[in-house]
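This report refers to the structure that appears directly beneath it.
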Amino acid sequence: MKVRVFTSGILICIMIWTLVLAAQGYFRGMRRTADNLGKVVEESTFRDWSGKTGEPSGKEREVRNTRIREVVSGLTAQEFNPDTKVRLIELRTQFYSKLSKGEREVFVTSLLEGLDTYIMLFDSLPGERRRKLVKRAVKAAREELPSELRDKYELLDAEEEHENIGEIGWRAAMENKEPDKIMEFLQLIEIAGELIQRMRIPQWEGARGDK
């Protein structure tokens, strides 16, 4: 009997350590992905088109479109990893700042597609719960954003816009907005999505609220 209990205890310990090591490897992998994404974003051959008229063409356009897809894929794959969140925000902003007007629209649209589940979850909630979530998301964004980015996010101080988002939801609030303005929405959408996950609100119910 004692041998059986001892053996069971050893097996449980092995399982726990296996899970711990697997988790550590997973998060190390995510940090490596962030580092690799940084190399892609900061590569000097990716020219800054923000101040140019027109759009890239020919081979350069193909290369840049491929790079945009790579960056979007890297960002959406691990947007909520707490160990790399600030770094990813900085990389996203840095990459966006190099894009042409047309590329910015493509980039923002692609990022929103990756957040579609969280947008739908938020928009399905009653208005009062949406307003509470927006307030909490704004507070969290002020705490999490690097100071140099926080000062540029006019949305954080736009109380009328906060009320509007709570009233009509993310999708309607972003309608007809320029890519620059939607970039400000992204951080709040991500944080609100995290809050909803913690609250474990089923998409089809929206029955349990923010306390």
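With the highest mean first, a sort of the peptides 129-141, 65-77 on other beta-carbon atoms found within 10 angstrom per residue produces 129-141, 65-77. Under the rule a/c < 1.5 gives rounded, and otherwise a/b versus b/c splits prolate from oblate, where does the range 63-126 land using the Cα gyration tensor? Since a/c reaches 1.5 but b/c is at least a/b, the shape of the range 63-126 is classed as oblate. Of the chymotrypsin sites (Phe, Trp or Tyr not before Pro) in the range 101-208, the ones in a loop by DSSP (not H, G, I, E or B) with at most 10 other beta carbons within 10 Å are W204. Indicate the gyration tensor shape class of the range 96-167 (rounded, prolate or oblate), computed on the Cα atoms with a ≥ b ≥ c the square roots of the eigenvalues: a/c under 1.5 is rounded; otherwise a/b larger than b/c is prolate and the rest oblate. Verdict is oblate for the range 96-167.
Using a ≥ b ≥ c from the Cα gyration tensor of the range 125-179 (square roots of the eigenvalues), is it rounded, prolate or oblate, where a/c under 1.5 gives rounded and otherwise the larger of a/b and b/c decides, a/b for prolate? The shape class here is oblate. Rounded to 0.05, the FRET efficiency of the S73 and E160 pair, given R0 = 22 Å and the Cβ-Cβ distance, is 0.05.
Using a cut-off of 15 Å between beta-carbons, work out the net charge of the residues near E154 (Lys and Arg +1, Asp and Glu -1, E154 not included). Mind dumping the intermediate values first?
Working: positive: R142, R150, K152, K177, K181; negative: E148, D151, D157, E159, E160, E161, E178, D180, E184.
Once positives and negatives cancel, what remains is -4.
So if I place +1 on the C-beta of Lys and Arg and -1 on the C-beta of Asp and Glu, and nothing else carries charge, what would the dipole magnitude of the range 43-181 be about its Cα centre? I want it in debye, nearest 20.
Values: 26 positive and 29 negative charges, 53 e Å.
That gives the range 43-181 a dipole magnitude of about 260 debye.
I want the local charge near I165. Using Cβ-Cβ distances under 11 Å, sum +1 for each Lys or Arg and -1 for each Asp or Glu among the other residues.
Numbers: positive: R130, R131, K135, R171; negative: D123, E159, E160, E161, E163, E167.
That works out to -2.
Only the coordinates and a few stated rules stand behind these numbers; no lab work does. Here the structure is a predicted model, which means the values were calculated and not measured. Heads up, the Cβs are rebuilt from the backbone with ideal geometry, glycines too, and the neighbour counts pull from every protein chain shown.
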